[in-house]
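S.K.: Shown below is the structure under consideration.
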Amino acid sequence: MALAQSYRYVEHWGMAGGATTRVLCPRSVMELRASFAEARASGTPLTLRGAGNSYGDASTGSQGFVIDCTRFNRILAFDAATGIAELEPGVTLRELWRHTLPQGWWPRVVSGTSFTTIGGIAAANIHGKNNFAVGTVGDAILEFDLLDAQGNLHTCSRERESELFHAAIGAFGLLGAFTRIRLQTKHVYSGELEVTTFAGKNLRELMDFVLAHVDDADYLVGWIDCFAASDALGRGQIHHGRYLHEDEDHDAEETLRVAHQELSPMVFGVVPKSELWRATRLLNHDAGMRFINGVRYWQGRLEGLLPPKRWTHVEFSFLLDSVPNWKWSYGRRPGHGLIQFQPFVPKESAHAVFSEILRRSQARGFVPYLGVLKRHRPDPFWLTHAVDGWSLALDYKVTPATREALFAFCRSLAELVLDAGGRFYFAKDSILPADALERMLPRERLDAFFELKSALDPAGLLETDLWRRVAPERLEGARETRAQEVRE
Ligand SMILES: Cc1cc2nc3c(=O)[nH]c(=O)nc-3n(C[C@H](O)[C@H](O)[C@H](O)COP(=O)(O)OP(=O)(O)OC[C@H]3O[C@@H](n4cnc5c(N)ncnc54)[C@H](O)[C@@H]3O)c2cc1C
């Protein structure tokens, strides 16, 4: 069968950018290898793409072909005795949990949306609401196959090709394509979690609550009302989630079923959730969002007085999926959308840096409509974004009129973060300047990473718009090699 392909507009998940490109859709290692060979022969750069859930330009490639891995998506094996899954890269988290949960297993690390692919989350080395406890998704990966740009397949694990194992997880598609991933999932006794809500009057109270509960919680995630000022700066709520023990769910067979997890497609039984974004659009402005954030805070105060509740894994993990296409409330015209700014800051300075970011955002009139606070721990992957500290993910609205000023403002905030020894997570980035990567990670580590890149991909075929933005000089040499090879 011929390789499926098309020309289409490939955009940032946050809709603030994109380009029309040729998109190839391989379904196997053989088809992927053929795509790489075609790109090599023509000297065309390639961008690997999963389901395109990176907020910015991490999976767009405006200067070459895009390889869409979503059709390369079989669950190859799942062992219900060990919880080990063997997956092709295009399998989504949604497909994975639907397969494993009825057998008592849940993915150990998930993103806030279930539509991400296994290849995409491995390349981004995603973190979940349990990062402080279990690390990143890379910590749950046991082994993978990676096809490099020259068509060679590498099987990597902590024991075998260990350097490549630690470099490719979190490499954002620069070293090769994952073609098979073996992943450890987590045994659960119930399809539900026990969730406690705590509302804190300011950022300090929220952070203190998290620190007091890192030993008794399986998940901790904070939501911040970015409009609150003065003594209430950084107020919000924390959700504390705990797995149920074996004897705590007397109807586990039922709660583990897919049907029990599925979110209802209707609100009040009459309004389809798929249309809800239209209603939220009416409130998608500063006054509306100030109101929504205020209501949420007071709702959190109320919930904090009530006993813990049971939530399904899907409700707790993928809350954002409950309003399909909610991002459309930011506007559906060209140039309208959102960017996310997610600094990771060491624990010593996180409170001061986040407070300053919130203060400056309010003073400048760019107040994030959503703020999410998490506690993190370091991990062993070469391009890690994690620190022993905290992250604050902030959603900023973009319009053609505000774009330039907003991006410049976010770049000024990035200076604050980098000066404090902080890092950024490329899956969420749209604004970092060309020197940020060099300031975030030790030079020796970057040298080693780009040496590996030259060995696996001497002609620099694998690129993305993000990599061209954050590492232009590091990619320059390979570009010349590529041109030379085509001339020859
Ligand atoms: C609503 C929402 C909530 C989110 N919540 C979280 C969260 O809680 N935690 C978190 O860490 N992230 C979160 N994210 C970010 C998301 O998890 C990452 O952007 C993830 O990489 C997206 O997966 P994807 O399949 O859509 O990959 P894409 O966005 O398509 O690609 C991501 C990267 O993977 C590379 N890639 C794709 N496939 C392959 C492959 N087969 N081999 C090698 N490289 C490949 C691409 O080149 C790109 O660099 C969230 C995103 C959204 C939209």
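The values are calculated or read from the model by the stated rules, or taken from the named source; none is laboratory data. Worth saying up front: this structure is predicted, and the values here are computed from it rather than measured. Positions of Cβ are generated from backbone atoms using ideal geometry, with glycine treated the same way; all protein chains shown enter the neighbour counts. All accessible areas refer to the heavy atoms of the entire protein, side chains included, with ligands and DNA or RNA removed. Shrake-Rupley method; radii C 1.70, N 1.55, O 1.52, S 1.80 Å.
S.K.: Of (1) under 24 Å from Ile292 (Cα atoms); (2) open to solvent by 10 Å² or more (accessible area, probe 1.4 Å), Leu338 satisfies all except one. Which?
M.R.: (2)
S.K.: While we're looking at this one, here's another question. Would you check if Lys201 is touching a His at 6+ places or on another chain (Cβ under 9 Å) and open to solvent by 10 Å² or more (accessible area, probe 1.4 Å)?
M.R.: Answer is no for this residue.
S.K.: Let me ask another. Does Phe144 fit the bill of being touching a residue at least 12 places away in the same chain (Cβ under 8 Å), within 13 Å of the ligand (Cβ to nearest atom), of a type in the set (Phe, Trp, Tyr) and more than 28 Å from Thr481 (Cα to Cα)?
M.R.: Yes: the conditions hold for Phe144.
S.K.: Restricting to the stretch 171-192, name every residue that is more than 16 Å from the ligand (Cβ to nearest atom) and hydrophobic (A, V, I, L, M, F, W, C).
M.R.: Correct list: Val188 only.
S.K.: What are the residues in the stretch 309-321 that are more than 11 Å from the ligand (Cβ to nearest atom) and open to solvent by less than 70 Å² (accessible area, probe 1.4 Å), if any?
M.R.: Those that are more than 11 Å from the ligand (Cβ to nearest atom) and open to solvent by less than 70 Å² (accessible area, probe 1.4 Å): Trp311, Thr312, His313, Val314, Phe316.
Every residue, every condition in (1) touching a Lys or Arg at 6+ places or on another chain (Cβ under 9 Å); (2) modelled with pLDDT under 95, yes or no:
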residue	(1), (2)
Leu3	yes, yes
Tyr9	no, no
Trp13	yes, no
Val23	yes, no
Arg40	yes, yes
Gly43	yes, yes
Arg49	no, no
Ser54	yes, no
Asp57	yes, no
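S.K.: Which is crowded, with 22+ Cβ neighbours inside 10 Å, more than 8 Å from the ligand (Cβ to nearest atom) and closer than 24 Å to Asp388 by Cα, of Gly135, Gly56?
M.R.: Only one candidate passes the filter, namely Gly135.
S.K.: Hey, among the residues in the stretch 107-127 that are surrounded by fewer than 22 Cβ atoms within 10 Å (Cβ to Cβ) and more than 6 Å from the ligand (Cβ to nearest atom), which one's farthest from the chain's Cα centre (by Cα)?
M.R.: That would be Arg108.
S.K.: Working only within the stretch 147-183, note down all residues that are within 19 Å of the chain's Cα centre (by Cα) and not in a loop (DSSP other than H, G, I, E, B).
M.R.: Of everything in the stretch 147-183, those that are within 19 Å of the chain's Cα centre (by Cα) and not in a loop (DSSP other than H, G, I, E, B) turn out to be His166, Ala167, Ala168, Ala177, Phe178, Ile181, Leu183.
S.K.: Would you confirm, using the coordinates I've provided, whether Leu164 is modelled with pLDDT of 95 or more, more than 10 Å from the ligand (Cβ to nearest atom), open to solvent by 40 Å² or more (accessible area, probe 1.4 Å) and of a type in the set (A, V, I, L, M)?
M.R.: No; evaluated as a whole, the condition is false for this residue.
S.K.: Does any residue in the stretch 346-368 that is within 24 Å of Ala386 (Cβ to Cβ) come within less than 7 Å, Cβ to Cβ, of a residue that is of a type in the set (Asp, Glu) six or more places away or on a different chain, and which pairs are these?
M.R.: Pro346/Asp388; Lys347/Asp388; Pro368/Asp395
S.K.: Which residues, counting only those in the stretch 1-41, are loosely packed, with under 13 Cβ neighbours inside 10 Å and over 14 Å from Ala177 (Cβ atoms)?
M.R.: Residues satisfying the conditions are Met1, Ala2, Ser6, Tyr7, Tyr9, Thr20, Ala41.
S.K.: Is there any pair with a first residue in the stretch 117-141 that is touching a residue at least 24 places away in the same chain (Cβ under 8 Å) and a second that is more than 7 Å from the ligand (Cβ to nearest atom) and of a type in the set (Asp, Glu) whose Cβ atoms are under 7 Å apart and which are 6 or more apart or on different chains, and what are they?
M.R.: Pairs that qualify, where the first residue is touching a residue at least 24 places away in the same chain (Cβ under 8 Å) and the partner is more than 7 Å from the ligand (Cβ to nearest atom) and of a type in the set (Asp, Glu), are Asn130/Asp218; Ala133/Asp218; Gly135/Asp379; Thr136/Asp379; Gly138/Asp379; Asp139/Asp379.
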